[in-house]
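Each remark here refers to the structure printed beneath this line.
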Amino acid sequence: MSLSIKLPATTSHLNYLNHHAKTNTSTSTSNIRTKPIYTSNPLIITTSRSRKMSLEHGSTSSSSNSYGAPFIKSSLIEPDGGALVDLVVPESQRASKILEAEALPKVKLTKIDVEWVHVISEGWASPLRGFMREDEYLQSLHFNALRLKENGSLVNMSLPIVLAIDDETKEGIGNSSNVGLVAPNGDCIAILRSIEIYKHNKEERIARTWGTTAAGLPYVEESITPAGNWLIGGDLEVLKPIKYNDGLDNYRLSPKQLREEFDRREADAVFAFQLRNPVHNGHALLMNDTRKRLLEMGYKNPILLLHPLGGFTKADDVPLNVRMEQHSKVLEDGVLDPETTIVAIFPSPMHYAGPTEVQWHAKARINAGANFYIVGRDPAGMGHPTEKRDLYDPDHGKKVLSMAPGLEKLNILPFRVAAYDTSENKMAFFDPSRAKDFLFISGTKMRAYAKSGENPPDGFMCPNGWKVLVKYYESLQAEESPQQPAVLSA
């Protein structure tokens, strides 16, 4: 399928394009190569030129940019609800809030619950301000959207973001209006205020979210089946920023931080690419082709947000730390341009809920400031857990995104299918007229190559990125191999 783009017909955008159509005298940043300067995030790189531009033009709220045109910031795509939610308690109030939380009835959180606290607290789910109460839950479950009470407009919210509790916890809460939320390590990390407790109908939730109740759904088995029979909603106050102390926290940029970075770079388009797998050259082809097309449309400085999912994933997915190392090699090897790419971690857990979940992935990127979203084949999908077929139609994800309520302001970019071209020995866009020349290398096949130590065809993935995967699978095999008993001599 050819790439198609739905453009927002905003006055500021049309003025911007008209200005360049008339003058056409500025130099595109994509043609200027300058020495990279590494920031606190190793995968965010600025340049001496962009730093000079910021100094010349002052703050990112400047009304004009280095091209002399009205400055169109990526943050012109408003967060859902009009303002980013930030639920982290100010440092000046932290001590008193912690004392209050310690005195409240407690709700113990799972690791996935903490990931959702992180997501809500930074505004990825704006305008949601806490775990869903029943009216929000029912709207999300049945309509994939929330209706704002202020003006009656709809925002997309395709996944219920809820907190489950058991009978014992419910009894312990009693008549309290507020509870403290306790992480698995015992730290009280948040207060949930003005709570509402309601029934957790697991079967209905699973059926409506995944379209099946078949056994073997990873998120269901990890988070829903063992959960309690009640849901508790309320307004969230997070006592301090969520940190994982895994060496990757500097990649976990909040929506506010990402918007600031896009504006500092003077991006006039931000295109987001979500993934939970290593980046191969087919992915890179799609991302580079998207940037090329945006430049052809008149944008001057499109920025790629390469945004790997960092929350819960199923057991056979490549772990986050390995993926992040592999992504860094992709930039180091020049497969993606580090000057026009930001790599950051999206903290959400993965549901593998196909067309339902891909709406959540797109909606969260609106809140992060992206105005374009790349969607491919079978987004957020997986194989059926009990049958030998895909769980979802591979084309439904991009079709649903083009129609989803509350996503109208986001430009959806369906990408063309890429495969390995055996006649050219490289990844290329699939040409049906010579289908026999193309080799489709699935994630399963890629993992099989890496596990066996066999190299994929030349041009499938950058060599240093591939070495990261081989090293990871070799370490797994070393852990799985049985220990030989020691032989004692007489």
inquiry  = Could you tell me how far the Cα centroid of segment 108-133 sits from the Cα centroid of segment 340-369, in Å?
reply    = 14
key: Other-chain or far-sequence residues with amide H under 5 Å of Ala272's (modelled H)   = Leu305, Phe372, Tyr373, Ile374
key: Where labels lie 7 Å past Cα in the beta-carbon direction, separation of Ala215 and Arg293 in nm   = 4.4
query = For segment 189-257, which whole-number percentage of the solvent-accessible area (1.4 Å probe, protein heavy atoms only) is attributable to carbon and sulfur atoms?
reply = 45
ask   = Considering the zone a paramagnetic label at Asn277 would reach in this model (a point 7 Å from Cα along the Cα-to-Cβ line), which residues of segment 430-467 have amide N under 16 Å from it?
value = 430, 439-451, 456-457, 460-462, 466
ask   = Taking a label point 7 Å from the Cα of Asp333 along the Cα→Cβ vector, which residues of segment 274-305 have an amide N closer than 14 Å to it?
value = 278-285
ask   = What is the distance, in nm, between label points placed 7 Å from the Cα along the Cα-to-Cβ direction at Ser475 and at Arg208?
value = 4.2
task = Among DSSP beta bridges whose residues both lie in segment 342-436, state the antiparallel percentage, nearest 5.
result = 55
key: Extension gain, Glu78 back to Leu248 (0.36 nm per residue minus Cα-Cα distance, nm)   = 58.4 nm
key: Karplus-derived 3J(HN,Hα), 6.51/-1.76/1.60, for each residue of segment 127-132, Hz, glycine and proline x   = x, 4, 10, x, 5, 5
task = Would you work out what percent of the accessible area of segment 305-431, with all protein chains in place, is carbon or sulfur (probe 1.4 Å)?
result = 47
ask   = In this model, which of Lys426/Lys451; Lys108/Lys451; Lys149/Lys243; Lys108/Lys388 are farther than 27 Å apart at the alpha-carbon?
value = Lys108/Lys451; Lys149/Lys243; Lys108/Lys388
query = Taking the Cα-to-Cβ direction at Asn151 and at Thr422 and moving 7 Å from each Cα, how far apart do the two end points lie in nm?
reply = 5.6
note = For segment 211-305, dividing by residue count, accessible area per residue (probe 1.4 Å) in Å² works out to 35
inquiry  = For segment 121-183, I need the span (max minus min coordinate) of the C-alpha atoms along each principal axis, in Å, sorted largest to smallest.
reply    = 38, 25, 20
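The values are calculated or read from the model by the stated rules, or taken from the named source; none is laboratory data. These numbers come from a predicted model, not from an experiment. Ideal geometry is used to build each Cβ from the backbone, glycine not excepted, and the neighbour counts take in all protein chains shown. Side chains included, ligands, DNA and RNA excluded: accessible areas come from the protein's heavy atoms. Shrake-Rupley method; radii C 1.70, N 1.55, O 1.52, S 1.80 Å.
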